Amino acid sequence: MKESSLIKNVDLFLDDKPSVYALRDRAKKCLFDYGFPTKKNENWKYTDVKEILIRDFDINQKQCDGECCCKNKAEDSYFIEFCFCAGTLHVEDFVLPEGVNVIPLPLMLYEGEYKKYLFNAFDLKKHPFACLNGMYLEQGLCIIVDKGIKVDVPLLIKYKNTKSDNIQMNIHNVVVLEKNANLSIVEEFYSKVDNSYLLNIVNEIYLKENSELNHYKIQKESKKAYHIALNALKIYEKAKYKQYYVSNGAKISRNENEINLEAKDALAEIYSAYKVSKDMLSDITTNVNHNVLETSSNQYAKAVLEDGAKAVFQGKVYIAKDAVKSVGNQLHKALYLDGDAELCCKPQLEIYADDVKCSHGASCGEIDEEQLFYLTSRGIAKDVAVKLITDAHLNEIYSLIEDEVIREKFII
Amino acid sequence: MTTPLLVIKDLHACVGDKEIIKGLSLTINKGEVHAMMGPNGAGKSSLSYVLSGKQGYEVTSGEIVFKGKNLLDMSVEERAREGVFLSLQYPVEIPGVGVSNFLKHSLNAVRKHNGEEELDTINFMKLLRSEANSLGINPEMLKRFVNVGFSGGEKKRFETLQMALLKPSFSILDEIDSGLDIDALKTVSEGVNNLRNEDNAFLLITHYQRLLSYIVPDVVHIFADGKIIKTGDKSLAIELEENGYASFLKED
Ligand SMILES: Nc1ncnc2c1ncn2[C@@H]1O[C@H](COP(=O)(O)OP(=O)(O)OP(=O)(O)O)[C@@H](O)[C@H]1O
Ligand SMILES: [Mg+2]
């Protein structure tokens, strides 16, 4: 493997515990065997990470920016809040509803009970940045919702980096919804306008029979940030996963979903709304494996692309030989603002079963001149009119969110 | 004499390579209502676009002076803020943009230009509801997206509502009567008549005398092949309705 300055020697908590060391070592070996992705790697064809690999990002050693909201349930809060400050989980003392267990990753590693959920929802070999993440396995949350528990307060996980520059943050979360459980999780990423860092996050999510997870991801980060995320899922019988993602980009942003539909009537829906500005790259890559019969997936993304922006939308739907009567849809709609933007849209259908319903589509358009005329002829400034029209384009995604408080947060 | 509100002198305008306005002159004073009638394809809507500054309608010669200022130097939004309003023959649908959000942006842009305070949501909504009510507009319509799914008549009412809110000094109403049922025609006409005052003026583009019996014009123009070929008072519209365009076109 080529050297990368992202790989550092650091002392990690519990490195002296063989079972923990073994996990990290497994990830490290995998990374050394398979290497970081290059453009030759089909899955990374359009997203060149070279500029990340040469950066000498420090491993963050627990510096808090001092601005944390340290309470996890403020009296008047709509959410149960957790905060990663510059990559470090800040509160460890949680007040939680009955049946909801939140364990900081170090404690989870120490106790070992839930370790079976680590590196289990995805294949390390196929996810080099998840290997990097695994090497540094230390920061993260493990969220377990017990059988039959319907959690009516959404969890809000904030990832903020408002002070630190030039660091890498590796965060690894595990979410398990036991049978018949329900949960909403909001992930909110934000930083200063111009700090540069790598945020490398892995979420391993297990949805047991008939459980439901609404996963909201809001990304409002620095134009110089690098954001690499993997959401890896195993979804079991009748369980439902819905992801709503909004982003106004980063220098390079990749939101990757690796979804395994493991039992009948499992469902995954991924809704994305994103804006990309000049010199930024936004990549949404989703790989849905319909491993058994009668499973469904839907991917719908809407993009607004400014001059000089690059967007990548890769959606792969794999339907195994026995996965008859499965449904897999994907659709991408882009709106170009004036100038040149690059859009690489790669739908992929790999179908080995008969009697399935699959579709994919892509459309791109420019701002409608008639609409723009109508708005400006009412005195509205051109830039405001453009914003109204682009917001309207993305609004179709926001409007799918039922929770008003969360929907408000999505507006970018 | 006071300066006219609008003076158009020997205006020529093209769309692409095609000349559509071919030497049009027109003066409109404050307090006046002008009607413009003319055959399909004569260039009436094009004239309205030229006046509001729409991209693609290019003035090749002539001048347009509005309130003593050169209108042709202004962008679409500047003209609107100065008081030019165009009620479109075919209002545009904008899915995803809510009616009240749109109107609030619009009204506040105009107010700001006039040095007035911008309205907050509460006061804006009060005003909007009361204006909508007097035009017989169902408040449910204010929750929808701009023109999306509006019937032909609803679209025209909505154009009138915008005019009532913005109180422009010069309104061009391009076939405001098309698609309106008899009751709606009355309501919309009343709306327009209520707005008439000594400081503003209207240009009504229409094919039918009926509208002019509700909104009585001071001047009537016959517009054909890119210019005004005859000007008269309201009796000209009646004559036109009886005889059609043939006799006027021959005279030319
Ligand atoms: N954007 C355009 N591109 C090409 N031709 C155009 C365009 N706009 C107008 N025209 C042409 O210019 C001519 C005048 O059209 P305009 O819509 O102004 O007529 P009008 O007098 O309003 O007709 P009507 O009474 O049917 O509304 C027509 O021949 C029309 O096809
Ligand atoms: Mg017309």
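The values are calculated or read from the model by the stated rules, or taken from the named source; none is laboratory data. Just so it is clear, the model here is predicted, and its values are computed rather than measured. Heads up, the Cβs are rebuilt from the backbone with ideal geometry, glycines too, and the neighbour counts pull from every protein chain shown. Keep in mind that these areas ignore ligands, DNA and RNA; they rest on the heavy atoms of the full protein, side chains included. Shrake-Rupley method; radii C 1.70, N 1.55, O 1.52, S 1.80 Å.
Here are the numbers:
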| item | result |
| --- | --- |
| Zone of A:Ser77's modelled label, taken as backbone nitrogen in the stretch A:369-412 under 13 Å from a point 7 Å along Cα→Cβ | none |
| Sparse-neighbourhood loop sites, GluC sites (Glu not before Pro) in the stretch B:118-177 - DSSP loop, at most 11 other Cβ within 10 angstrom | none |
| Added length on full extension, which subtracts the Cα-Cα distance from 0.36 nm per residue, A:Ser399 to A:Glu366 | 9.7 nm |
| Relative contact order %, the stretch B:19-128, counting alpha carbon pairs below 8 Å whose residues are six or more apart | 18 percent |
| FRET E, pair A:Glu408, B:Lys167, Förster distance 45 Å, beta-carbon r, rounded to 0.05 | 0.85 |
| Within the stretch B:6-251, percent of DSSP bridges classed antiparallel, to nearest 5 | 60 percent |
| Additional length obtainable on full extension of the chain from A:Lys39 to A:Asp307, 0.36 nm per residue less Cα span | 94.1 nm |
| Distance between modelled label sites at B:Thr27 and B:Asp183, nm, 7 Å Cα→Cβ extension | 4.5 nm |
| Rounded to whole Hz, the Karplus (6.51, -1.76, 1.60) HN-Hα couplings of the stretch A:14-26, x for glycine and proline | 6, 5, 7, 8, x, 5, 6, 4, 4, 4, 4, 5, 4 |
| Extension reserve of the B:Lys69-B:Asn138 stretch, reckoned as 0.36 nm per residue once the Cα distance is removed | 21.0 nm |
| The stretch B:198-252 versus the stretch A:253-317: alpha-carbon centroid distance in Å | 59 Å |
| Taking chain B and dividing mean pair separation by its residue count, relative contact order in percent (alpha carbons under 8 Å, at least six apart) | 27 percent |
| Interchain or long-range residues, amide H under 5 Å from A:Ala362's placed H | A:His332 |
| Rough spin-label spacing in nm, given labels placed 7 Å along Cα→Cβ, for A:Leu349 and A:Lys163 | 5.3 nm |
| Trypsin sites (Lys or Arg not before Pro) within the stretch A:238-300, DSSP loop, no more than 16 other Cβ atoms inside 10 Å | A:Lys264, A:Lys278 |
| Per-residue HN-Hα couplings for the stretch A:48-57 [Karplus 6.51, -1.76, 1.60; θ = phi - 60°; Hz; x = Gly/Pro] | 8, 9, 3, 5, 7, 5, 8, 7, 9, 6 |
| Rounded Å value of the spacing that divides the Cα centres of the stretch A:135-212 and the stretch A:1-56 | 21 Å |
| Accessible area buried, both sides summed, chains A and B with 1.4 Å probe, Å² | 1900 Å² |
| Residues whose placed amide H lies under 5 Å from that of A:Asn329, excluding near-sequence neighbours | A:Ser297, A:Asn298, A:Gln299, A:Ser359 |
| Placed amide H near A:Leu343: partners under 5 Å, 5+ positions off or other chain | A:Ala311 |
| Modelled label reach - A:Asn101, point 7 Å along Cα→Cβ, the stretch A:152-188 residues with backbone N closer than 16 Å | A:174-182 |
| Sites matching chymotrypsin sites (Phe, Trp or Tyr not before Pro) across the stretch A:334-409 that sit in DSSP coil, with at most 15 neighbouring C-beta atoms within 10 Å | A:Tyr352 |
| Rough spin-label spacing in nm, given labels placed 7 Å along Cα→Cβ, for A:Asp25 and A:Asn120 | 2.2 nm |
| Accessible area per residue, Å², the protein assembly as shown with all protein chains present, probe 1.4 Å | 42 Å² |
| Inter-centroid distance (Cα atoms) of the stretch B:1-78 relative to the stretch A:335-393, Å | 34 Å |
